[in-house]
């Protein structure tokens, strides 16, 4: 039973099957949340209605918005922010942090290997298929040594807590993981709304991300450069993540450029400033591989810089993340992560992997087709939650459609058991009350030369529709401030 | 006796609407290798944009051009001089032991080493629904099989410059049985690869003196990797082995890695490009 | 600073300034006509034509009857009319957006608020009885933006570029307002002496440029054509004058191009030259041929803007 004295939780419906982050099995508030629970209880639900409105307009006025693509138009939306923070106790955070670093380092070594000697394939630990049939493997990166030996400078690791109370990694995002600006905005918004609660907890600050990022990017500068000139490249202001791009540039104190602001001469990269050309040494790129250089990759793209790849290959500029990193982002690679970690680091994986069925393997394909209602089907190469089917939500007709899709191109799909994401009390606009909603956590790890950094916090994403398991913002998800407590 | 070659590559681009800015990248310079000794290059254009030499993602030399002023028409001309050693394509030690070669190509290390030239690409993809076209006779040597594949390809496609263009994939060629050197080469590569032999697309120039198909354009042929022998050139368009008359520029998985001209042009209308090639030779004294 | 972003900042400055002048022109003309001393000045058609003239869409044919609602909507909130206030503010925001990493959070937040205020304004309310509220808010929000530019940005080259845009635009708008109002003065002449010289429209002109109070303190006389033009064009201490704007442009130009020996082909040289021309101009010359002064001023300002574009924004 939920504490009925606490007004705002009087109507909180607790589904005992789900893992609630605040309440234990018996409905008692967990220790780490008890103070917060009491503090929030001192407010009436009307206060929350009010605060929620204020928080919304603050995001809107600050222009912290993203565009949603519809068939007809693009719409400017705010990423819904929830007033109730998520708390991660220090002992749990230690596991997450060391697990995230372990994965990022293993992936980096994996990338180095598959673009050099390919030992892991020669030794039969992962199949050659991972590179030979991946659309994201760039032959042009073969034998290229990225400055500082780093490929995935920035990784976003999506982690959930299952009903067993254990953390599982769902995905490693190492192309252009986004969302870090929301971590910081959420903190600011919560501080503005309910500053009093911070007095009672010792929480790590999240505002040091940009300085650490810049610091680590400077460690991977090209050879022969003394003080590197770092820039952030964006596809432009119509990109859904433009706010984040400008935020990162601003907080790092570097220029935010578009492809047309740069040009390549004698295999060096320059930006066009009002004082004339200025050399650029490190590019934090928020443009996908296919678009970075129209002379080398997708020819009809005007987002990139003609000649950039040649400059990169010559070692005159650093790209973060490195081109071709996307191959390790492939969901098929994910399924080999435990082996990859053991192979390169000689360590046991710290964070769990979800068991995965490969539709490319006839036996597993058979299992998937027979048990589709208990599985989540994912295309291996789509980001942002697009193309995901959850077996137990499909009608009979839809199941047949999904089966047909899988059969058409089995290599394109993997399946996993339906994981139950933990739930967290979340303020719901419509009912003006707190309700259980599923959450995940995206952590941000930065790798530099012999240095690494994990943002102590992360983006807790919330699926705002009741029962929904997909938390991506493009699918109507929101987010919460996330507190990592100091010991 | 070594031959001295004079090659002229021309491209003329015409645009419907004025162009404000443009970048081009030419992949037309003959490769410098054991049999090709590069002497000189002369690059010109009708307007005088900036150009520079660079190396593309696959390690081949390119000419990159940046045009900043407004224009509607531009012509480029590149002249090359090089000395080519006479090549006898049959001049290699034949496979000592057939079974040893076959064993080699089946090994994982071999497959990893030549991964790039064993995988299918959009241009060389043969759908599963198509009948098996050409199967190796493993009783014969790999070289003999490739010679047979060369002839098979030559007979399978009828040379026709009107039937296909640079965007045509192998899948379409298999339906119409017509095409140009690019299509012959794609078919050869695809079938060599399905039989486990690494094969790469080669672009270059063909000296037309001997009445070969090549149509005053850049030519394409294939190179296949034969264990214990190395890369050997096959020209399925002419059913011959690539030899002294074949001047190599670049190689890749398929046409898209070797396209002679890539451009980014800021304009609204359509455009048209006309390429032409001329190859002359004379004996070296 | 990136050339493209400098261009955005320059135009952000221009659009902020432009919205303000248009809004004020609408308000002042509309409301001063209500109790104007003569019939012409009171005529609604006369005012609407003046507004269209100022925005750069003059309708010569005086027999055409304009709908008040339509003209106000067009200039204020019509998203399909490129020169409307709403499009000006949208342009402010778009230009600010792509320079977002360079400008202060405070400035950006104010721009965003401004934009949301305008885009949410009900056109029906505006054309029916909201003209005063709407235009007053636009002028005040523009003033807030100017304040934020001045107080939340480093006074470095970013600031200089914005101020170049602001002052070139200010001079442009002032001269356009002078143009529209001197045109009105020809039509609505005064009742005594030199009727053009003593038209009521000179007072309106001063109010349109927020300079009436300053001018009264300075001359202590009813505004006439000569005193008004002298004040608005040549007085370096009047913050809205052409002279003052040119001095500002010159001052900020020196931050962008600190060379003392100027290249004859540079923007800085052109700015210095234009500034000198006005420093040594007399009101007698202006009075002789107002129209040609207006035209050459507009030309010079356009030329400066073009030169900046060539030298700093695109190469």
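Computed values, structure above
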item: Area projected by the alpha carbon convex hull of the protein assembly as shown, averaged over all directions, nm²; result: 53.5 nm²
item: Kirkwood hydrodynamic radius (C-alpha pairs) into Stokes-Einstein, the range B:129-192, 37 °C and 0.692 mPa s, D in µm²/s; result: 268 µm²/s
item: Cα gyration tensor category, rounded, prolate or oblate, for chain B with a/c compared to 1.5; result: prolate
item: Debye equation applied to the C-alpha atoms of the range B:98-257, log10 I(q)/I(0) at 0.09, 0.15, 0.16 Å⁻¹; result: -0.26, -0.74, -0.84
item: Rg ratio (alpha-carbon, reference 2.2 N^0.38 Å) - chain A; result: 0.99
item: Helix A:90-114 axis, angle to chain A major axis (alpha carbon atoms, nearest 10°); result: 20 degrees
item: The range B:30-70: projected area of the alpha-carbon convex hull, averaged over directions, in nm²; result: 3.9 nm²
item: Crossing angle, helix A:209-219 versus chain A [Cα axis fit, 0-90 degrees, rounded to tens]; result: 20 degrees
item: C-alpha long axis of helix B:181-194 to longest principal axis of chain B, angle in °; result: 40 degrees
item: Average partner coverage of A:295-307, which counts Cβ from other chains inside 10 Å; result: 4
item: Shape box of the range A:355-417 [Cα atoms, principal axes, largest first, Å]; result: 27, 26, 23
item: Inter-part distance where the range C:13-88 and the range A:396-417 are each reduced to a Cα centre, Å; result: 62 Å
item: Over the protein assembly as shown: helical MRE at 222 nm, DSSP H runs n ≥ 4 each giving -39500 (n - 2.57), nearest 500; result: -11500 deg cm²/dmol
item: Sequence of C:61, C:299, C:101 once ranked by neighbouring C-beta atoms within 10 Å, starting from the fewest; result: C:61, C:299, C:101
item: Ranked C:196, A:198, A:79, criterion: other C-beta atoms within 10 Å, fewest first; result: A:198, C:196, A:79
item: Label-point separation, residue C:287 to residue A:15 (7 Å along Cα→Cβ), nm; result: 8.6 nm
item: Spin-label model distance (nm) - residue A:47 vs residue A:211, 7 Å beyond Cα toward Cβ; result: 3.3 nm
item: Reference-scaled alpha-carbon Rg (2.2 N^0.38 Å with N residues) for the range C:3-313; result: 1.00
item: For the range A:405-454: rounded, prolate or oblate by the Cα gyration tensor [a/c cutoff 1.5]; result: oblate
item: Tail fraction, Cα-Cα pairs, the range B:28-137, threshold 22 Å, whole percent; result: 65 percent
item: Residue-averaged beta-carbon neighbours from other chains (10 angstrom radius) around A:255-261; result: 4
item: Difference of contour (0.36 nm per residue) and Cα-Cα distance, residue A:386 to residue A:123; result: 91.2 nm
item: Hydrodynamic radius (Kirkwood) for the range A:267-400, which is based on Cα pairs only, to one decimal in Å; result: 18.6 Å
item: Potential extension, residue A:407-residue A:34 segment - 0.36 nm per residue separation minus Cα distance; result: 129.2 nm
item: Sites residue A:24 and residue A:188 - FRET efficiency at Förster radius 22 Å, r taken between beta-carbons, to 0.05; result: 0.10
item: Within 10 Å of each Cβ in B:51-59, the average number of Cβ atoms from other chains; result: 6
item: Nitroxide proxy distance, nm - points 7 Å out along Cα→Cβ at residue B:265 and residue B:151; result: 4.5 nm
item: Förster radius 56 Å - calculated FRET efficiency between residue B:85 and residue A:366, Cβ distance, rounded to 0.05; result: 0.45
item: Amide N proximity, the range C:1-35 versus residue B:20 label position 7 Å along Cα-to-Cβ, cut-off under 17 Å; result: C:3-9, C:11
item: Residues A:105, A:393, sorted so that the one with the fewest Cβ neighbours within 10 Å comes first; result: A:393, A:105
item: Gained length - residue C:80 relative to residue C:38, 0.36 nm times residue gap less alpha-carbon distance; result: 11.6 nm
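Quick note: the coordinates plus some simple rules give every number you see, no bench work behind them. What you see is a predicted model, and the numbers here were worked out from it, not measured in a lab. As a convention, Cβ positions derive from the backbone with ideal geometry for all residues, glycine included, and neighbour counts pool all protein chains shown.
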